[in-house]
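The values are calculated or read from the model by the stated rules, or taken from the named source; none is laboratory data. The shown structure was predicted, so the numbers you read here are calculated from the model rather than taken from an experiment. Neighbour counts run over all protein chains shown; Cβ positions are idealised from the backbone, glycine included. Please note that ligands, DNA and RNA were not included when accessible areas were found on the heavy atoms of the full protein model with its side chains. Shrake-Rupley method; radii C 1.70, N 1.55, O 1.52, S 1.80 Å.
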Amino acid sequence: MRTRFNYAQLPVSRWRNGGGVTREIISYPPGESRFAWRASIATIEADGPFSPFPGVDRVITLLHGAPVTLRGAHTAQRLLPHQPWAFPGEETIEAQVSGRCEDFNIMTRRDCWRAQVAVTPHGVRSQHGIAYVLTGEWQCDNDAPLQAQQGVWWLEEETALTPLSAGASLLWVTLSRVP
């Protein structure tokens with residue numbers, strides 16, 4: 001199963017606290033109320049708390065915009081563009097922003113999935129994953145090329161992405177099942 005997506009066509013949901021919006025890429029399995037993993041792009045517009053997700057591991061990657069600092073009881077992390085940061089979903093996190101920004105989020109239910117996130121200029125391959133083009137053009141196997149703000153997610157299908165242009169960069173998520 002392989003599904004392409006385009007940022008401009010993702011469904012938008014306003015946060016309950018009014019501090020931003022989420023564009024959901026996929027909540028897997030589709031149509032289920034309890035996700036095994038979920039990928040989205042969020043726009044943070046104001047300071048505020050992150051929703052808690054007990055039993056879920058989260059990785060957030062600042063895509064662009066104003067700096068963001070995430071604070072918890074035992075942590076403070078300034079997000080830098082294209083540098084993933086992982087944290088447990090049960091941790092109480094407060095976002096402090098100095099303006100509007102967007103980030104990529106992957107959440108995995110820790111008893112069934114794991115996610116590794118990287119930003120790369122190199123070709124990549126995996127059995128399960130998500131890719132989001134940050135810059136340039138990328139070839140996904142024999143499909144039509146992907147441009148900036150386009151992506152693909154897949155399961156149970158060996159998938160490779162190759163850069164087609166100089167300076168191309170890709171946000172790459174490798175998903176793996178927990179044995």
Q: Only residues that are touching an Asp or Glu at 6+ places or on another chain (Cβ under 9 Å), more than 21 Å from TRP37 (Cβ to Cβ) and not aliphatic (A, V, I, L, M): list them for region 147-159, please.
A: GLN147
**Q.** Selection count, region 107-146, where residues are open to solvent by 40 Å² or more (accessible area, probe 1.4 Å), on the phi < 0 side of the Ramachandran plot and either touching an Asp or Glu at 6+ places or on another chain (Cβ under 6 Å) or among the acidic types (Asp, Glu) (or both)
**A.** 6
Q: Would you mention how many residues in region 23-59 are touching a residue at least 40 places away in the same chain (Cβ under 8 Å) and in a strand (DSSP E or B)?
A: 17
Q: Considering only region 147-175, state which residues are open to solvent by less than 50 Å² (accessible area, probe 1.4 Å), in contact with a His (Cβ under 8 Å, 6 or more places away or on another chain) and of a type outside the set (Val, Ile, Thr).
A: TRP154, LEU155, PRO163, SER169, LEU171, LEU175
Q: Output the number of the condition that ARG78 fails; it satisfies all remaining conditions of (1) in contact (Cβ under 8 Å) with a residue 24 or more places away in the chain; (2) in a strand (DSSP E or B).
A: (1)
Q. Inside region 69-92, can you point out the residues that are more than 18 Å from GLN116 (Cα to Cα) and out of contact with any Lys or Arg (no Cβ under 7 Å at 6 or more places or on another chain)?
A. LEU70, ARG71, GLY72, ALA73, HIS74, THR75, ALA76, GLN77, ARG78, GLU90, GLU91, THR92
Q) What number of residues in region 26-52 are buried (at least 17 other Cβ atoms within 10 Å of the Cβ), out of contact with any helix residue (DSSP H, G or I) (no Cβ under 9 Å at 6 or more places or on another chain) and of a type outside the set (Gly, Ala, Ser)? A) 9
**Q.** Top-ranked residue in region 72-84 [being exposed (fewer than 14 other Cβ atoms within 10 Å of the Cβ) and touching an Asp or Glu at 6+ places or on another chain (Cβ under 9 Å); ranked as farthest from GLY19 (Cα to Cα)]
**A.** HIS74
Q.
Condition check: among the small types (Gly, Ala, Ser), under 20 Å from THR174 (Cα atoms) and open to solvent by less than 50 Å² (accessible area, probe 1.4 Å). Does GLY55 satisfy that?
A. yes
Q: Give just the number: which of (1) outside any strand (DSSP E or B); (2) in contact (Cβ under 8 Å) with a residue 40 or more places away in the chain; (3) over 16 Å from LEU175 (Cα atoms); (4) of a type outside the set (Val, Ile, Thr) does LEU62 not satisfy?
A: (1)
Q: May I ask you to verify whether GLY20 is free of Cβ contacts under 8 Å to residues at least 60 places away in the same chain, more than 28 Å from SER126 (Cα to Cα), among the small types (Gly, Ala, Ser) and crowded, with 16+ Cβ neighbours inside 10 Å?
A: yes
